[in-house]
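Presented below is the structure to which this report refers.
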Amino acid sequence: MTFLLLDKLETHKQLSFEEWRKLLSELDSPTFDEAQKRAQRLAQEHFGLAIYLRGIVEFTNYCRNECHYCGLQKSHRDLVRYRLSQEEILACCEKGHALGLRTFVLQGGEDPKLSDEWLCQLIRRLTQRFPDSAITLSLGERSQASYAALFAAGARRYLLRHETASHSLYRKLHSPKQSFFARLNCLYNLKALGYQTGVGMLIGPPGQTLEHLAQDFTFIQAFQPEMLGCGPFIPHQATVFAGEKPGSVRLTLYALSLCRLLLPELLLPATTALRTQKASGYLQGILHGCNVIMPNLTPLAAQKHYQLYDGKDATKTLEQSLEELKTEVASLGYHLTCDRGDHPRFVQNNEKRL
Ligand code: 5AD
């Protein structure tokens, strides 16, 4: 029965909520393995053996929000807060560029001090300095006008995980000041403005059921994102979820396979959270359909304060990480690529006209 659903998913790219629920709740070993095989084959059909690199700069850990799972939440008073200067951010990208990276992800908490003016200036400086590279933003919820200004300045991709597509679960994971509908609205605004847009959900935060995950898949199917970030929930000691169980690695890998089956051209990272929960996380992710890895360009002194969850490694230099990644992916017969890696729908047609 579940194999039939995998067939249907692969052929029609569309399942009903009930079918998603079944696919998730009737997970057995043969289904898990079959989804893995098909996901890996599909990723290879669309992207070959290339793994795209996105250099991430975690440039501010100030945040106005109270996401109960996240270590950057405003009420985490002991956390040392930092904000990198434009010069520091440019230097991070310079280093990444010299090592071959052609996508820079600027990520931060929802820092109230980030003005459109400052961000636009930063984006313009980056696009001038690195005209061959793509700028991705991951700065949380902002107004439509702000997203439009950032796009005009040269940003073309935006990551904003929806975190959960269940309104009731969203309420349990966030403060009353945060709005589920405002978040979805941001995603639709980003898409309408022409950004390559990334969504994503946590696997296994407290209170999540397989029905909630089925809602995530129904949402992803309707939204048709270009990118998707999905990793296990990992508790952070300074949050109310400190003593909770982390999300399952197996369920995360299965979810990644299903994402690939639903959206074969998706840019799908093997996340740092997955790597934190399992040493072979990147490799397992690739075997389950992932095609992106995001090395960290943030200076180590700052990285250690960007604590979304416990156990996030902040000890390796960029050179070390890239060397390790290269050897790791080569062990599976894959290679790292310096290509910008736009979503196929967004690749410009560079063929010369006759
Ligand atoms: N465990 C796993 N992922 C987390 N994130 C935030 N806190 C945690 C946690 N405790 C994820 C969120 C956010 C992304 C930047 O990090 O999904 O969108």
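The values are calculated or read from the model by the stated rules, or taken from the named source; none is laboratory data. These numbers were taken from a predicted model, which means no experiment stands behind them. Note: ideal-geometry Cβ built from the backbone for every residue, glycine included; neighbour counts use all protein chains shown. Heavy atoms of the whole protein, side chains included, go into the accessibility calculation; ligands, DNA and RNA do not. Shrake-Rupley method; radii C 1.70, N 1.55, O 1.52, S 1.80 Å.
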Across the chain: Cys residues that no other cysteine approaches within a C-beta distance under 4.7 Å: CYS63, CYS92, CYS93, CYS120, CYS186, CYS230, CYS259, CYS290, CYS338
Accessible surface, 1.4 Å probe, highest first, among residues GLU10, GLU211, GLU117: GLU117, GLU211, GLU10
Cα gyration tensor shape for the chain, rounded if a/c is under 1.5, else prolate or oblate: rounded
Qualifying GluC sites (Glu not before Pro) in the range 264-354, DSSP loop, other Cβ atoms within 10 Å at most 14: GLU351
Cβ-placed point charges (K, R +1; D, E -1), dipole of the range 1-115 about Cα centre in debye, nearest 20: 320
Length-normalised contact order for the range 9-160 - Cα pairs under 8 Å, 6+ apart - percent: 20
Computed magnitude of the charge dipole of the range 116-252 (debye, nearest 20; Cβ of K, R +1, Cβ of D, E -1): 140
Spin-label model distance (nm) - THR209 vs ALA222, 7 Å beyond Cα toward Cβ: 1.9
Apportionment of accessible area to carbon and sulfur, the range 77-171, percent (1.4 Å): 50
Inter-probe distance in nm under a simple model that places probes 7 Å from Cα toward Cβ, at LYS304 and ARG77: 2.4
Simple Cβ-charge dipole of the chain, Lys/Arg +1 and Asp/Glu -1, about Cα centre, in debye nearest 20: 580
Principal axes of the range 1-88: Cα extent on each, largest first, Å: 52, 32, 23
Estimated FRET transfer efficiency (TYR188, THR317; beta-carbon r; R0 41 Å; 0.05): 0.55
Within the range 258-278: backbone nitrogen closer than 20 Å to the GLU45 label point (7 Å, Cα to C-beta): 258-269
Listed residue pairs exceeding 32 Å between alpha carbons, taken from LYS113/LYS326; LYS8/LYS312; LYS172/LYS304: LYS113/LYS326; LYS8/LYS312
Top positive-direction residue, dipole computed over the chain with Cβ charges, set GLY109, SER166, GLN215: GLY109
DSSP beta bridge pairing in the chain, given as percent antiparallel to the nearest 5: 5
Average accessible area per residue (Å²) across the range 1-152 - probe 1.4 Å, nucleic acids and ligands excluded: 44
